[in-house]
1. Which values of log₁₀ I(q)/I(0), to two decimal places, follow from the Debye formula for the chain at q = 0.08, 0.09 Å⁻¹ with a uniform point scatterer at every Cα?
2. Only residues of the stretch 170-195 count here: report those whose backbone N is under 14 Å from the spot 7 Å along Cα→Cβ of R29, or say none.
3. Relative to the first principal axis of the alpha-carbon coordinates of the chain, what is the inclination of helix 198-212, with its axis defined by its Cα atoms, in degrees from 0 to 90 and to the nearest 10?
4. For a label point 7 angstrom out from the Cα of V236 toward its Cβ, which stretches of the stretch 196-215 have the backbone nitrogen within less than 16 Å?
5. Taking the Kirkwood radius as the inverse of the mean 1/r across Cα pairs, report the Rg/Rh of the stretch 168-223.
6. What does the helix-only formula give at 222 nm for the chain: each DSSP H stretch with n ≥ 4 adding -39500 (n - 2.57), the total divided by the residues, and the result rounded to the nearest 500 deg cm²/dmol?
7. Averaged across orientations, what area in nm² does the convex hull of the alpha carbons in the stretch 91-214 project?
8. Tell me the relative contact order for the chain as a rounded percent, counting alpha carbon contacts under 8 Å between residues six or more apart.
Amino acid sequence: MRADDALRGLGSQAAEAPWYHPTGNEVGRVGQCHANGLAVMLKGPTGCGKTRFIEHMAWKLGRPLVTIPCHDDLAASDLIGRFLIRHNGTVWQDGPLTRAVREGAICYLDEVVEARQDTVVVLHALTDHRRILPIDKTGETVQAAPGFQLVVSYNPGYQRMLKDLKPSTRQRFVAMDLDFPPADIEARIVHRESAVDDAAARGLVALAERIRQLRDRGLAEVPSTRLLVNAGKLMVAGIGPREACQAAIVSPLSDEPSMVAALSDLVEATFV
Ligand SMILES: Nc1ncnc2c1ncn2[C@@H]1O[C@H](COP(=O)(O)OP(=O)(O)OP(=O)(O)O)[C@@H](O)[C@H]1O
Ligand SMILES: [Mg+2]
């Protein structure tokens, strides 16, 4: 990822807050963490609203948002910065984390567990009372500007046999559990995000609740709010509910014929 991509939006604020429907006290809690300079770990399954929540919080707190998707190739220099060779010598270029630290942005590291541990360690001095980022290559120590906050996301549902965060990393964050919201709120979200009518939104949520009960019976990942929104959008585009659910929910969830058949039965029972 290019640093510029992560930094898009620095210094500008959308006129309207990205819409987020709270499911508990997460808005107040992250606000309190921000006021106290505490780093936050958002735990929750894919598609439950973590990214939307942090976009909403950044807007609410009036801070720019820098998002960094983590992967196992992510090196410390991708976060901190590097020397670039130019015709007249070398110049230092800040990475997205360094820019966020200097600008007092909210820095969101998505799926932090994917990053190598030697990369994650660069966060340590930022997440305790020091709030500093040492840049070894230049010898500079950057003090985090007021407003800087580190937020990471973590999906505890995935198989984590080999990957986990070190205790010394985990214990630097205030953890917040996010999950799929109760049915009435989830239906409101699906309705608002996809523009599908109320009855269809409630149908999609009822279907999701039935499918989620299959979690312990061989279904590795359960349908997220995101999948329901996608199905709703297909329905608004004129695709019949069964076909929309097949394409947006059943097929993304499984390739296994008996599971696909079981899911399809649930679709047919829901949208008769
Ligand atoms: N509480 C919510 N308020 C508003 N929209 C929501 C909410 N929860 C889910 N959504 C909808 O679901 C979509 C997926 O949410 P989001 O991208 O924030 O999930 P995520 O938890 O970041 O997933 P991943 O772990 O895969 O990155 C959003 O684009 C939005 O349409
Ligand atoms: Mg996300």
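Any read-out appearing in this document is the output of simple, stated calculations on the displayed coordinates, not a laboratory observation. This structure is a prediction, so every number in the text was calculated from the model and none was measured. Backbone-built Cβ (ideal geometry, glycine too); neighbour counts: all protein chains shown.
1. Calculated log10 I(q)/I(0) at the listed q: -0.39, -0.49.
2. Of the residues in the stretch 170-195, 173-181 have backbone N under 14 Å from the label point off R29.
3. That helix lies at roughly 80 degrees to the long axis.
4. Counting only backbone N, you get 196-205.
5. Value, to two decimals: 1.15.
6. Value at 222 nm, helices only, nearest 500: -11000 deg cm²/dmol.
7. Hull-based average projected area comes out at 11.2 nm².
8. Across the chain, relative contact order equals 19 percent.
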